Amino acid sequence: MNDIVLQTRGLYKSFGALVVARDIDFSLTRGARHALIGPNGAGKTTFINLISGALTATKGEIFLGGDDITQLAEASRVKRGLARTFQINTLFSGLSVLENLYLAVSEHMGAANVMLRPAGARPDVIDRAERLLETLQLSDDAGKTVAELPYGRQRLVEIAIALALEPRVLLLDEPAAGVPSGESHILLDAIDALPRDIAILIIEHDMDVVFRFADAITVLANGAVLATGSPKEIAGNADVRTVYLGERTYA
């Protein structure tokens with residue numbers, strides 16, 4: 001049985017003479033916890049943008065669940081099960097946490113056309129939103145506005161919204177960015193607890209987070225894949241140490 005849920009073949013992107021992605025072959029299996037690392041300017045966010053459809057590939061192919069999505073728009077990729085978060089959250093800060101989730105769930109469940117009616121008219125939407133809050137341990141914050149929450153918990157709300165799309169693949173672009181180091185474990189624990197049928201690809205600069213989270217790591221450098229392997233293999237790779245990790249030891 002083929003468990004590959006996301007795959008790229010020869011993915012290439014250039015802006016004129018500037019090449020930002022070079023023939024990237026990559027695959028993500030069902031339930032994977034995969035990290036994407038590399039120095040600044042390596043092409044990590046560009047790669048995520050190509051996968052999500054925010055950028056159009058110059059050459060190459062992208063497959064989701066075996067279907068070619070290379071030419072599909074972002075919204076169409078989302079409907080097929082591809083969701084992402086961003087380095088800076090895009091939440092409605094003046095609305096409550098539950099209201100943010102309600103909007104996302106309504107759109108996904110096709111209930112957005114009744115948004116001018118009372119929320120109680122769609123108890124199924126409310127139930128789904130509340131279950132997502134429970135999954136991310138946000139139930140106690142349901143009535144608070146997003147602006148009232150510490151930044152780490154805002155990141156959890158953003159992940160909850162991504163889960164509202166019922167993704168097969170979840171792309172997390174630096175989820176711990178801006179989160180105080182003392183709170184990052186809360187975020188990581190919540191990500192660890194996500195359903196195991198969801199494949200997760202995470203971009204992260206905090207190597208403690210990466211080596212705790214990932215069961216596989218891909219290293220990008222100059223827009224190309226430098227290495228892919230287990231955390232132990234990547235930690236012991238001399239080329240990766242030279243380009244990115246340095247001499248620190250990772251357990």
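Bear in mind these aren't lab numbers, they're just calculated from the coordinates by the rules spelled out. Everything quoted here is computed from the prediction, not taken from an experiment. Methodologically, a virtual Cβ is constructed for each residue, glycine included, from the backbone with ideal geometry; neighbour enumeration extends over all protein chains shown.
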Handout entry: In the chain, lysine pairs closer than 30 Å at Cα, eight or more apart or cross-chain
Key = 8
Problem - Equivalent ellipsoid dimensions for the range 144-251 as semi-axes, Å, which come from the Cα gyration tensor, largest first - result: 27, 16, 12
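Could you calculate the contour length gain from Asn222 to Arg131, that is, 0.36 nm times the residue separation minus the distance between their Cα atoms, to one decimal place in nm? Mind dumping the intermediate values first?
Values: separation 91, 0.36 × 91 = 32.76 nm, distance 4.16 nm.
Extending this stretch completely gives an extra 28.6 nm.
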Problem - Largest-first principal axis extents of the Cα set of the range 32-102 (Å) - result: 42, 31, 25
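May I ask you to give the average projected area over all directions of the convex hull of the Cα atoms of the range 4-245, in nm² rounded to one decimal?
13.4 nm²
Counting only DSSP beta bridges with both residues in the chain, tell me the antiparallel percent, nearest 5.
Values: 21 of 38 bridges.
Close to 55 percent.
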Problem - Within the range 210-230, backbone nitrogen closer than 20 Å to the virtual label 7 Å beyond the Cα of Asp3 toward Cβ - result: 212-218, 228-230
Practice task
Taking 7 Å along the Cα-to-C-beta vector as the label spot, tell me the Gln71-Asn40 distance in nanometres, rounded to one decimal.
Solution key: 3.9 nm
Exercise for the section: Can you tell me how much longer the chain between Glu233 and Thr29 gets when fully stretched, taken as 0.36 nm per residue apart minus their C-alpha distance, in nm with one decimal? Expected result: 71.6 nm
